[in-house]
C-alpha cells in the first residue's frame, strides 16, 4: 500500500472503531441531545460522537506525516490541524456546558484569525487576506453547525468535500491537501454507520465544528497555496447557499434571524415528505454536481467556463426552490386526481 492509502485505511478504521470506546463515555458524561426548535429529530439522542471523529482525524494527520504521505509543506499541514483541533475543542465545551453567543463567536473568530495568520506566514501571502480568511473559517464552522440537522447530512458532506479536496491536491500537486482531504473523507465515512444505524448517535457541536473547520481550513490553506479557486469553493457552495438564503428569508419575514429554527432548505425538504436520508442525499447530489462543474471550469476554455458557471447557478437555484417546487407539484397532482361529480 502507498502511504496515502495506508493513511486512509488507518483513519477509516479509527473512525469506525473509536465510537465503541467513546459512546459509553458519553453516556456516563450525560452528553445527550434534547430536541429543540431547530431539531428534526423527536427523541433525546446521544451526541458528542464527533469526539471519535476528531480523534480519528488526529490519528490520520499523524499517520500521514509518519508514513511519508506528506513530505513537504508539513508546517501548512500542522497549521490546518491546529485550527481544526482548536475549533473542535470549542465545540466540545459547547456540548458539555454551553457557551454564550458572544463567547462562542469570539473563540471562533480568534481561532480563525490565528490559523489564517499562521497560514499567511507559511505561504507568503499578504496580511490583507487575514480578515477575510478569519471570517471565512468562523462562518463556515457555523454553517456546518446549522446544516447538521438531519441524519447523514454531515457525514456525507465530510466524505464529499474531503474527496473533492483530495482530488484537488492531486491535480494541483499539493500532497498535504490530498492527505487532508483523505483524512476528512475517511473520518466522516466511518461515522456514517453509527449515525444511520438503529442506535443512531449525533456528532454534536464538537463534530459539526470539526467538519466546518476541516473544510474551511483546507479551503483557506489551498487558496493561499495557489490551488484553483474553483477547486476550493465548489465543495462549500450548496451549504453556503442554503444558509445564506435561509437567513435572508428570515430577515425578510421579520423573524429573529439568530433564533433557533428549522427553516433551512434541507429541513423543509423533510416537511414535504423526504426522509432524513433523502434530504441528505439531495444536498450531497447537488454538491457533487457543483463540484464537477467547478473542477471542469478550472481548466476549461472561456465558453465552457460560462456554461459551467451557469450550470452551477442552475443547480443552486433548483436546490433552493426544491421544497416549494415539490409542494406545488403535489398540490397540482391532488387536484388532477379529484373525482368528477
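The values are calculated or read from the model by the stated rules, or taken from the named source; none is laboratory data. Just so it is clear, the model here is predicted, and its values are computed rather than measured. With ideal geometry, Cβ positions are generated from the backbone for all residues, glycine too; neighbour counts draw on all protein chains shown.
Taking the range 269-286 as the range and being at pLDDT 95 or above and more than 20 Å from residue 196 (Cα to Cα) as the test, only 286 passes. When we screen 78, 88, 107 for residues that are surrounded by fewer than 17 Cβ atoms within 10 Å (Cβ to Cβ) and at pLDDT 95 or above, the only hit is 78.
For residue 250, state whether it is assigned to a loop (DSSP other than H, G, I, E, B) and either out of contact with any strand residue (DSSP E or B) (no Cβ under 6 Å at 6 or more places or on another chain) or in contact (Cβ under 8 Å) with a residue 12 or more places away in the chain (or both). Give the steps one after another, and end with the answer.
On the way: assigned to a loop (DSSP other than H, G, I, E, B): no; either out of contact with any strand residue (DSSP E or B) (no Cβ under 6 Å at 6 or more places or on another chain) or in contact (Cβ under 8 Å) with a residue 12 or more places away in the chain (or both): yes.
No, not satisfied.
Do we have any residue at all in the range 163-175 that's free of Cβ contacts under 8 Å to residues at least 60 places away in the same chain and closer than 21 Å to residue 274 by Cβ?
So far as the range 163-175 goes, no, none of its residues is free of Cβ contacts under 8 Å to residues at least 60 places away in the same chain and closer than 21 Å to residue 274 by Cβ.
Answer yes or no as to whether residue 18 is under 25 Å from residue 147 (Cα atoms) and at pLDDT below 90. Show your work before the answer.
Details: under 25 Å from residue 147 (Cα atoms): yes; at pLDDT below 90: no.
Answer is no for this residue.
With respect to (1) modelled with pLDDT of 95 or more; (2) surrounded by fewer than 21 Cβ atoms within 10 Å (Cβ to Cβ); (3) over 26 Å from residue 330 (Cβ atoms), the lone exception for residue 245 is condition (3).
Here the range 253-289 is the region considered, the condition is being in a loop (DSSP other than H, G, I, E, B) and in contact with a helix residue (DSSP H, G or I) (Cβ under 6 Å, 6 or more places away or on another chain), and the residue that is nearest to residue 328 (Cα to Cα) is 272. If you go through the range 294-302 one residue at a time, do you hit one that is closer than 26 Å to residue 145 by Cα, at pLDDT below 95 and surrounded by 12 or more Cβ atoms within 10 Å (Cβ to Cβ)? No, the range 294-302 contains no residue that is closer than 26 Å to residue 145 by Cα, at pLDDT below 95 and surrounded by 12 or more Cβ atoms within 10 Å (Cβ to Cβ).
The set of residues from the range 143-161 being in contact with a helix residue (DSSP H, G or I) (Cβ under 6 Å, 6 or more places away or on another chain), within 15 Å of residue 285 (Cα to Cα) and part of a helix (DSSP H, G or I) comprises 153, 154, 155, 156, 158, 159, 160, 161.
If you check 185, 219, 240 for being farther than 27 Å from residue 66 by Cβ, assigned to a helix (DSSP H, G or I) and under 16 Å from the mean Cα position of the chain (by Cα), only one passes: 240.
Look at residue 120 and say whether it is over 25 Å from residue 204 (Cβ atoms) and in a helix (DSSP H, G or I). Lay out the reasoning, then the answer.
Working: over 25 Å from residue 204 (Cβ atoms): yes; in a helix (DSSP H, G or I): yes.
Yes, satisfied.
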